[in-house]
Amino acid sequence: MGQRTEFELTPMAALEQMNAWTPSGVARALARHTARIGEAALAAGWTVPEPRGPHMLGVHLPAGVRPRLLEYLEARGIHTAARGDALRISPHMHTTDEDVDRLTAAFRRHH
């Protein structure tokens, strides 16, 4: 089993960290990243469906862009998930502004 679905198995340190960050604090931090990523995708002429949650977004890519961009991202250790004609992008609390800069620079390069 690859996940912890039973509450009693959840490490207490993780719960303590979530209490320190608070759910609304996590949402604000991640929304800042997803907003920047969404703006860069729109500037490249791609589609970013709305509404979306603060922790994840999808970016629909033209067919000719998708394979080149995915190869470029993978070669640079930039992790996204291909979902049909879209990329699923899910920043985490350890995602830095520099990480977002690297992703958005890739968007500019491949639009």
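Does Arg52 qualify as being in contact with a strand residue (DSSP E or B) (Cβ under 6 Å, 6 or more places away or on another chain) and among the basic types (Lys, Arg)? For Arg52, the condition - in contact with a strand residue (DSSP E or B) (Cβ under 6 Å, 6 or more places away or on another chain) and among the basic types (Lys, Arg) - is not met. Cβ separations smaller than 7 Å between residues 6+ apart or across chains give the following pairs from segment 35-55 residues that are touching a residue at least 12 places away in the same chain (Cβ under 8 Å) to residues that are in a loop (DSSP other than H, G, I, E, B) and open to solvent by 70 Å² or more (accessible area, probe 1.4 Å): Ala44/His111; Gly45/His111.
The values are calculated or read from the model by the stated rules, or taken from the named source; none is laboratory data. Fair warning: this is a prediction, and the values are worked out from it, not measured in the lab. Positions of Cβ are backbone-derived with ideal geometry, glycine not excepted, and every protein chain shown enters the neighbour counts. All accessible areas refer to the heavy atoms of the entire protein, side chains included, with ligands and DNA or RNA removed. Shrake-Rupley method; radii C 1.70, N 1.55, O 1.52, S 1.80 Å.
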